[in-house]
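K.L.:
Below you'll find the structure I mean.
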Amino acid sequence: MSIMNPATDNDPPAGSGAPSDLPGPLAFQLVLLRRMADHQPGLVEDALRELGVSRAEMREANRRWQARMHAPRARAGVRPYRALLGTPETVTGRRIGDLTCEALTWPVPLWPDLRFEVLAAPGGAVWNAWLVRAPGAAAPVLRTTADLTPWSCTVDEVARAFAPARPMEGSAPNRWQLACSAPGPDGERHEIVTEFAWGLYQRRVD
């Protein structure tokens, strides 16, 4: 399953968009964490300690990223991601229905079993940008609602485990929701709505 989420992916007149004292990959992880902080503040605090940065640095990294993405005369493309993340780990062609795109992935140290993936159209416009399971990494076993724990699974994994799933608009940019039917620990099925930030599971909102 792939949720097309056209992303405005813009270049500012100059600069990488990262705080001057933070490496690009670290700054980008802070951008990811800022979107997750509203719903999983405890996990985000743990991640900030692991990265050795403060909440203020997280906010500043996000501010710079947002300024970059909304700069005047900005052009669509993957360059903002390349600027912070460097050379992609993989670049592969992919077909989604009748559409052909290019999938670029980068490692994310906070989540070694995940990759950050950008899907770009032939003209360079970014269709989607999210976290996906790394090739060869074991996916979580999702049998019941009890297996849905924050940061444990991706959009695609929940959609496959509890098919059919219906994509819904998220509560903010780079958030997605899925409506699906899943058994509880007692085996009784429930209609649930799951929410994701940058493709990573955050919470139930039903």
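The values are calculated or read from the model by the stated rules, or taken from the named source; none is laboratory data. A quick note: this is a predicted structure, and the numbers were derived from the prediction, not measured. Glycine also receives a Cβ, built like all others from the backbone with ideal geometry; neighbour counts cover every protein chain displayed. The accessibility values were calculated without ligands, DNA or RNA, using every heavy atom of the protein model including side chains. Shrake-Rupley method; radii C 1.70, N 1.55, O 1.52, S 1.80 Å.
K.L.:
Just the residues that are touching an Asp or Glu at 6+ places or on another chain (Cβ under 7 Å) and among the β-branched types (Val, Ile, Thr), please, taken from segment 109-155.
P.N.:
Listed by number, the residues that qualify are VAL126, VAL132, VAL141.
K.L.:
Here's a follow-up. Given the structure, is ARG64 among the basic types (Lys, Arg) and in contact (Cβ under 8 Å) with a residue 24 or more places away in the chain?
P.N.:
yes
K.L.:
(1) surrounded by fewer than 18 Cβ atoms within 10 Å (Cβ to Cβ); (2) at pLDDT 95 or above: which one isn't true of GLY123, the others all being true?
P.N.:
(2)
K.L.:
Counting just the residues of segment 42-85 that are surrounded by fewer than 15 Cβ atoms within 10 Å (Cβ to Cβ) and small (Gly, Ala, Ser), which one comes out nearest to ALA120 (Cα to Cα)?
P.N.:
By that ranking, first place goes to ALA67.
K.L.:
What is the residue count in segment 156-193 for residues that are closer than 20 Å to TRP111 by Cα and either out of contact with any Asp or Glu (no Cβ under 8 Å at 6 or more places or on another chain) or polar (S, T, N, Q) (or both)?
P.N.:
4
K.L.:
Are any residues in segment 167-193 open to solvent by 60 Å² or more (accessible area, probe 1.4 Å) and farther than 14 Å from VAL155 by Cβ, and if so, which ones?
P.N.:
If the condition is that a residue be open to solvent by 60 Å² or more (accessible area, probe 1.4 Å) and farther than 14 Å from VAL155 by Cβ, then SER171, PRO173, PRO185, ASP186, GLU188, ARG189, HIS190, GLU191 are the ones that fit.
K.L.:
Within segment 161-169, does at least one residue satisfy the condition of being farther than 19 Å from GLU195 by Cβ and modelled with pLDDT under 95?
P.N.:
No.
K.L.:
Filter segment 96-110 down to the residues that are in contact with a helix residue (DSSP H, G or I) (Cβ under 9 Å, 6 or more places away or on another chain) and either over 23 Å from MET36 (Cβ atoms) or open to solvent by less than 40 Å² (accessible area, probe 1.4 Å) (or both) and list them by number.
P.N.:
If the condition is that a residue be in contact with a helix residue (DSSP H, G or I) (Cβ under 9 Å, 6 or more places away or on another chain) and either over 23 Å from MET36 (Cβ atoms) or open to solvent by less than 40 Å² (accessible area, probe 1.4 Å) (or both), then LEU104, TRP106, VAL108, LEU110 are the ones that fit.
K.L.:
Does segment 143-160 hold any residues that are in a helix (DSSP H, G or I), open to solvent by less than 40 Å² (accessible area, probe 1.4 Å), more than 17 Å from HIS190 (Cβ to Cβ) and not β-branched (Val, Ile, Thr), and which are they?
P.N.:
The answer is ASP156, GLU157.
K.L.:
Further question: Any residue at all in segment 169-176 that is touching a residue at least 12 places away in the same chain (Cβ under 8 Å), part of a strand (DSSP E or B) and closer than 23 Å to LEU30 by Cα?
P.N.:
yes
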